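Visitor: Following this message is one structure expressed as structure tokens.
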Amino acid sequence: MVKTGLWMFRWRSFLPLLVVPLFVWAAYDLWVQGGQASSVTGIVDIVALCVSICGLMLRAFTVGHAPPGTSGRNTKEQRATVLNSDGIYSVVRHPLYLANYLMFAGFLLATHDYWLMLTCSLVYFIYYERIMMAEEDFLAGKFGKAYEDWAAVTPAFLPRLGGWRPSSGVLSWRKIIRSETHGLTLIAVVFAVLRLAMWWIGGGEYPVMWMGFAAVMLVLLTAVVVLKKTTKIFAPR
């Protein structure tokens with residue numbers, strides 16, 4: 001399982017795309033039912049957006065406090081200069097994977113297809129269980145007893161209510177903007193595409209708000225990317 005997890009870790013940026021056919025199937029099912037896949041109102045869309053935003057906020061909090069060389073987006077190999085065990089890591093060992101699931105769960109909820117949400121959630125947990133095992137095998141080998149003591153009292157995925165220890169790192173807004181702007185853009189684009197598909201299949205009101213949200217975020221993301229490449233505004237300090 002560790003060996004499989006290492007392979008999945010290397011390709012973790014692309015493997016999640018394998019669930020796209022499930023979204024296509026859900027769209028087809030909606031089309032077959034004449035666009036009436038659910039009687040739930042637009043309130044579900046707002047709840048779904050809030051779930052995804054909560055996931056993004058958890059990512060931002062985690063990444064913003066993380067020391068250099070940890071909690072990164074590296075895919076070629078495992079990497080950790082220190083063992084993160086305070087702040088959010090004092091209540092859960094894999095906060096970024098929890099955050100990613102919340103973002104993903106919001107997308108799934110926005111489809112109004114609860115079988116799709118259940119199926120993809122199961123796939124997510126099976127997939128990331130392997131990756132988490134590979135990461136923990138690396139951390140155990142590098143940090144030894146320090147890792148074992150931390151892992152013994154800190155759950156892997158579902159945070160414990162007690163045991164919080166303040167983070168030793170200082171929150172870096174530059175790091176958050178540099179690293180997580182694309183996450184907010186992804187949320188905006190996914191929700192816009194989903195609502196556009198729902199409109200195309202079932203009719204109703206054109207999703208002007210969602211399309212505008214996506215357009216604004218794409219402009220913002222472009223500005224951040226340009227500033228990253230041409231200035232040192234978001235350079236690590």
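Bear in mind that the values in this text are calculations on the coordinates, not laboratory data. Remember, predicted model here, so these are calculated numbers, not experimental data. Reconstructed Cβ throughout: ideal geometry from the backbone, glycine too, with neighbour counts over all protein chains shown.
Visitor: Would you mind ranking Thr62, Thr119 so that the residue whose beta carbon has the fewest other beta carbons within 10 Å leads the list?
Guide: Thr119, Thr62
Visitor: Take Ile177, Ile88 and order them by how many other Cβ atoms sit within 10 Å, fewest up front.
Guide: With the fewest neighbours first, Ile177, Ile88 line up as Ile177, Ile88.
Visitor: Could you sort the peptides 186-193, 215-222 by per-residue average Cβ neighbour count (10 Å cutoff), highest mean leading?
Guide: Order by mean packing, descending: 186-193, 215-222.
Visitor: Under a plain spin-label model, where a point goes 7 Å from the Cα along Cα-to-Cβ, how far apart in nm are Glu205 and Phe157?
Guide: 3.7
Visitor: A follow-up question, please. Asp137 to Tyr114: extension gain in nm, 0.36 nm per residue of separation minus the Cα-Cα distance?
Guide: 4.8 nm
Visitor: At 0.36 nm per residue, and after removing the present C-alpha to C-alpha distance, how many nm does the segment from Val20 to Asp149 gain when stretched out fully?
Guide: Here the segment from Val20 to Asp149 would lengthen by 42.5 nm.
Visitor: Applying 1/(1 + (r/R0)^6) with R0 = 35 Å to the Cβ-Cβ distance of Phe125 and His182, what FRET efficiency is obtained, to the nearest 0.05?
Guide: Plugging the Cβ-Cβ distance into 1/(1 + (r/R0)^6) gives 0.90.
Visitor: Within a 10 angstrom radius of the beta carbon, how do Trp150, Trp210, Trp173 rank from fewest other beta carbons to most?
Guide: Trp173, Trp150, Trp210
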